[in-house]
Amino acid sequence: MNVLNLIPNMHSNLMGPEYVVLQFAKILKENFNTDVKILCMKGKEDFSDDNIISFQPSILLKNTIGFSLDALKFIDKVNQEKRCIFHSHGLWRFINISPVLLKKDNSKPMMVVSPHGALSEEALIVSKLKKRLLWSIQQFALKQADCFHATSMKEYHEIRRLGFKQPVAIIPPGISIPQLEQQQHSDRKKALYLGRIHPIKGIDNLLIAWKNLQSTNQNWDLHIVGPDQSQYAKYLKRMKKDLKLSSVYFEGEVFGENKNLRFPKSGLFKLPSHSENFCIAFA
């Protein structure tokens, strides 16, 4: 049997669902007689792996749902050749809903959906208009799912709150914790935020809180590390300037071992998210 994991992107800086999907595919392939692939759209910095197949999105709807006729043809061909389980990670993108668009003469594909927090009330508010326009298509696709995968009880209740009746498997994602030694700290202490630079992460609240702490904790620096999404970092940097924060540093995204080393070099980890389904960054 084929297991095709569907995810919008696989960047070189593995974060959140991307990290989970890669680990999941590796374990399935090593321990079961299963052909496992990860299907995604091409991005600026793709992750290189033999199990990943990426497709070039067409100009049409590129910045909304990432449409790809080549992806649909490939999924249809594989499903006709061999029975498949489609495991969709995330929502709102063409790659996630593509299995329900297969030819009518195909047997109904088996489909598992992992929302990865996308059905929380907080997440649905982000890009609200776009999601309202796409909801009828996304809802139709979710109704075709044979099973949902929730990473926490919170996510289970989010699925049920929206009226979906299918079975829900509540399974926390597995984490490979690197073996790291505690680093020697300098006189200045470091507080670390490491994750997506995105409105749902609540970094604006963190900056306001840091303003209140800065005068009484002058030996602390706040390092904000991660990929910028929707140019939100630009807004936060203006906020830093307006609040006159001298001990806040934006460092962009880091990769691999360099990312792992950020944790033992820091004395405090901050994650002020408005919503997390499981929270890979914390684990």
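The values are calculated or read from the model by the stated rules, or taken from the named source; none is laboratory data. Since the structure is predicted, the reported quantities are computational estimates derived from the model, not experimental observations. Virtual Cβ from ideal backbone geometry, glycine too; neighbours counted across all protein chains shown. With ligands, DNA and RNA removed, areas are computed over all heavy atoms of the protein, side chains included. Shrake-Rupley method; radii C 1.70, N 1.55, O 1.52, S 1.80 Å.
With respect to residue 200, is the statement that it is among the hydrophobic types (A, V, I, L, M, F, W, C) and either touching a Lys or Arg at 6+ places or on another chain (Cβ under 7 Å) or open to solvent by 70 Å² or more (accessible area, probe 1.4 Å) (or both) true? Walk me through how you get there before you give the answer.
On the way: among the hydrophobic types (A, V, I, L, M, F, W, C): yes; either touching a Lys or Arg at 6+ places or on another chain (Cβ under 7 Å) or open to solvent by 70 Å² or more (accessible area, probe 1.4 Å) (or both): no.
Taking the combined requirement at face value, the residue does not satisfy it.
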What pairs can you find where one residue is in region 121-145 and of a type in the set (Asp, Glu), the other is surrounded by 13 or more Cβ atoms within 10 Å (Cβ to Cβ), and their Cβ atoms are less than 7 Å apart, with a gap of 6+ or different chains? 122/200; 122/274; 122/275
Inside region 28-79, the number of residues satisfying the requirement of being of a type in the set (Val, Ile, Thr), open to solvent by 90 Å² or more (accessible area, probe 1.4 Å) and modelled with pLDDT of 85 or more is 0
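For region 193-273, please list each of the helices (runs of 4 or more DSSP H) lying entirely inside it that holds at least 2 residues being aromatic (Phe, Trp, Tyr) and closer than 27 Å to residue 124 by Cβ.
Numbers: elements: 203-214, 232-243, 256-261.
Of the helices (runs of 4 or more DSSP H) lying wholly inside region 193-273, those with at least 2 residues that are aromatic (Phe, Trp, Tyr) and closer than 27 Å to residue 124 by Cβ span 232-243.
Output the residues belonging to region 217-239 that are within 26 Å of residue 264 (Cβ to Cβ) and either open to solvent by 80 Å² or more (accessible area, probe 1.4 Å) or under 27 Å from the mean Cα position of the chain (by Cα) (or both).
Looking only at region 217-239, we keep the residues that are within 26 Å of residue 264 (Cβ to Cβ), and these are 217-228, 233, 236.
Matches in region 217-239: 218, 222, 223, 224, 225, 226, 227, 228, 233, 236.
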Give just the number: which of (1) in a helix (DSSP H, G or I); (2) open to solvent by 40 Å² or more (accessible area, probe 1.4 Å); (3) in contact with a helix residue (DSSP H, G or I) (Cβ under 9 Å, 6 or more places away or on another chain); (4) of a type in the set (S, T, N, Q) does residue 176 not satisfy? (1)
When region 1-38 is checked residue by residue, the ones that are among the basic types (Lys, Arg) and part of a helix (DSSP H, G or I) are 26, 29
Would you point out the residue of region 176-219, among those that are small (Gly, Ala, Ser) and at pLDDT below 85, that is nearest to residue 236 (Cα to Cα)? 215
Being surrounded by 14 or more Cβ atoms within 10 Å (Cβ to Cβ), in a loop (DSSP other than H, G, I, E, B) and hydrophobic (A, V, I, L, M, F, W, C) narrows it down to one residue among 164, 148; which is it? 164
Among (1) closer than 29 Å to residue 119 by Cα; (2) open to solvent by less than 20 Å² (accessible area, probe 1.4 Å), the one test that residue 191 misses: (1)
